[in-house]
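So the structure is just underneath, and the comments pick up after that.
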Amino acid sequence: ISEAAYHLPVVVKNATGWKNILKLASLAYTEGFYYRPRVDKETLSQYREGLVVMNGHFGTEISALLEKGDMTGAVACAAQYKDIFGDDFYVELQNHFDPAQVAMIPKLIEVAKRAGCPVVATNDKQALYELLPAAVVHTALADDQNLACIAALIELLEHGINVVSSGPVLLCFPE
């Protein structure tokens, strides 16, 4: 079942997107459910308006293909999502100090370059909740993990900005 459904982060950008994400969620449970709610790409295409989609971090289709060593398949997958969502599709980069995740970043940047997709650097909320209070209140900044996290986020952003020429890097910190 792990290959039957992939994680697909979606952000709503307007009222039409809100209606479409509700429709997709409903269809995922009523028509696509198989161990977990699912939506196929044909249905995504039908309800794509007003949605911003990211793919790349662990659990997504692109990362699964890269984990299998299939760069060609990952680029084709990114191109397919770009065909569906146009300029509202981003290849997503994350860095949570997992060596496998860090090793994935250059591959994802290569996928973005080959497929002509912009890159978005995101981070899970739990990592931010640990990091931001320390940065804002100036407590626990001596903690090597907090300093390493700040440095890694900055490095990731600088790397993405320097390597990806298709446009600016969007910062996204989902709640």
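Per residue, segment 1-52 exposes 70 Å² of solvent-accessible protein surface, assessed with a 1.4 angstrom probe and all protein chains in place. Amide H contacts under 5 Å for residue 32: 38, restricted to partners 5 or more places along the chain or on a different chain, H placed in the peptide plane at 1.01 Å from N. Less than 16 Å apart at the alpha-carbon level, and either on another chain or at least 8 residues along: which lysines does that give for residue 113? Cα-Cα hits under 16 Å: 82.
Suppose we look only past 16 Å in the calculated P(r) of segment 1-129. What percent of the Cα-Cα pairs does that tail hold?
63
When the solvent-accessible area of segment 1-92 is split by element, carbon and sulfur atoms take up 50 percent of it, the probe being 1.4 Å.
The values are calculated or read from the model by the stated rules, or taken from the named source; none is laboratory data. Computed from a predicted model, the values in this text were never measured in an experiment. Heavy atoms of the whole protein, side chains included, go into the accessibility calculation; ligands, DNA and RNA do not. Shrake-Rupley method; radii C 1.70, N 1.55, O 1.52, S 1.80 Å.
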